[in-house]
Amino acid sequence: MSINIRKNRLAFRPVLSGSTSTLEERVVMAVSGLFTPLPAPPPISSSNVGFGVRQIQADYLQAFRAARGDLQTSINTQVQQLFANGTPTQKQLNDFAAGLGGTLNATSFRLSSQGELLPNSQKLVQNIQNSLLSDGSKSLVSRLNALGTNARAMRSANTFNAAVNAQVARTMSANLGQINNYFKTTSVNRLSVDQSGARIPFQQYLGQQVIRQFTNTLGALANSFSTVATTVLFPRTGSGTATTPTVEALTAFQSQYGQALQIATAQLGNDLSLFGGGRSVVSSQVQTAFYGNSPRSSILSGAGDATSTGPGSITGLFQSLKGLNFTDVSMSSNAYNSFNQAATRVASSLNQFFGMSTSPNQTLVLPTSRFSLPSAGQNFFNTTLRTDGTNVGFNNGFGSGFLGFGQTPPDFNTNFSTQFNTVVTNTNRNFGITLPSDNPANSGLIVAY
């Protein structure tokens, strides 16, 4: 029996998009917004944050070691499940391979996103991705594939776990070497420049990169939201196109965008974990902006402004999207305004955290194109599809443009998305991000729709 991890995944190698656009070209700060400015978030101090090069290097090494530990724990759990009833069948091996692919994909997204924050990091990010998911025989995915045909390794859960852990350790040790080599050979202070090429403090550069990455991610989700909503809520049938969404369809779509929001917050949480005190931003401001639990029945009044039930209370993005009237012609613009509100509030907190000043009542407008994650000049969402039959494009949302956010084809092995989403959910929990109890993503409805 054999394991083929690649069979159900999207190739995760970076693709040059030709875009070298910078933060200022993608994020437009407008004084006159489309909606009522949000109340200012509580002050966040960055006085205890270390932004020296040596400190940041140490933080990256610590982050990569944490990723190695999380990856080993996740895989070990899956291996125990694989051998729970004795020697696994070929179907169990196929499902395991799909789940393992999702876990590796989530790890690659995590490390790539963190690496992308550094100046001139395209090669670093590409090397990290290739070490995990390339087609070459030395990548982790290839070596784990080979273990599936190794009778000695497959004798028991313990022997297989030991073999897997050795391969994970080998790959992640090499990535630690990549980080050390990057800081040894790269003058990050000299390369920390703004759009005009003027040198800026490393701290300011990192802050701009975090905000750019966050707004690109949320912008990609905002731009795909209406398209996926139409597909899920108003499907074409033999009798025509549905005009009113069913309860089942609404629940399924709520689960989809709930899980997509978790991907955005997990990515930001992983980024901010690199900086001392970053967790306070995630657990407080991000929690409020995304999952504030103020009651809300609709956002149809006005342009979807942040209606609150009391001084300083904020309706989070999840609740705002839940209150949308999907049959209203203004649904798309209302949804986009809700995304902008969340982005504005989080960006305000990030500016404070990184010590960057902004003008009063500035409103952040999310980008509508040129998404380039996880590395400048490379497009994370539109990576090349494999053509081996069951590969269906998880990373570009099956055509929607956002990871895992779209309609899965019938031949998609849902163990891939299940394990990817499990990694994301565990990440959010570690950062203190909790979802509303009425989010279907809390009930495991996150695999196929």
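The values are calculated or read from the model by the stated rules, or taken from the named source; none is laboratory data. Quick caveat: nothing in here was measured; it's all calculated off a predicted structure. Reconstructed Cβ throughout: ideal geometry from the backbone, glycine too, with neighbour counts over all protein chains shown.
Just checking, which of GLY86, GLY69, GLY99 is small (Gly, Ala, Ser), farther than 15 Å from VAL168 by Cα and in a helix (DSSP H, G or I)?
GLY99
Any residue at all in the range 233-241 that's over 21 Å from TYR60 (Cα atoms), part of a loop (DSSP other than H, G, I, E, B) and among the β-branched types (Val, Ile, Thr)?
no
Are there any pairs with C-beta distances below 6 angstrom linking a residue in the range 245-267 that is under 11 Å from THR217 (Cα atoms) and part of a helix (DSSP H, G or I) to a residue that is at pLDDT below 95 and among the small types (Gly, Ala, Ser), with the two at least 6 apart or on different chains, and if so which?
GLN267/SER113
Could you list, in sequence order, all residues of the range 407-449 that are more than 14 Å from GLN256 (Cβ to Cβ), at pLDDT 90 or above and of a type in the set (A, V, I, L, M)?
Hit for the range 407-449 is VAL423, nothing else.
Given the conditions (1) buried (at least 21 other Cβ atoms within 10 Å of the Cβ); (2) not in a helix (DSSP H, G or I), and given that ILE75 satisfies all but one, which numbered condition is not satisfied?
Every listed condition holds for ILE75 apart from (2).
Tally time: how many residues in the range 191-223 are over 30 Å from GLY406 (Cα atoms) and out of contact with any strand residue (DSSP E or B) (no Cβ under 7 Å at 6 or more places or on another chain)?
Number satisfying all stated conditions: 13.
Against the definition (part of a helix (DSSP H, G or I) and without any contact (Cβ under 8 Å) to a residue 40 or more places away in the chain), how does GLY197 come out, yes or no?
It is false that GLY197 is part of a helix (DSSP H, G or I) and without any contact (Cβ under 8 Å) to a residue 40 or more places away in the chain.
Which is at pLDDT 75 or above and either among the charged types (D, E, K, R) or closer than 23 Å to THR215 by Cβ (or both), of ALA30, ALA63, ALA67, ALA84?
The unique qualifying residue is ALA63.
For PRO41, are the conditions met, namely being buried (at least 16 other Cβ atoms within 10 Å of the Cβ), at pLDDT 90 or above and closer than 30 Å to MET356 by Cα?
no
Residue by residue, here is whether (1) of a type in the set (Gly, Ala, Ser); (2) at pLDDT 85 or above; (3) surrounded by fewer than 16 Cβ atoms within 10 Å (Cβ to Cβ); (4) outside any loop (DSSP other than H, G, I, E, B) holds:
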position	(1), (2), (3), (4)
PHE326	no, yes, no, no
SER338	yes, yes, no, yes
SER349	yes, yes, no, yes
LEU364	no, no, no, yes
THR384	no, no, yes, no
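Does SER320 satisfy the condition of being surrounded by fewer than 24 Cβ atoms within 10 Å (Cβ to Cβ), among the hydroxyl-bearing types (Ser, Thr, Tyr) and either at pLDDT below 85 or under 24 Å from ASN216 (Cβ atoms) (or both)?
no
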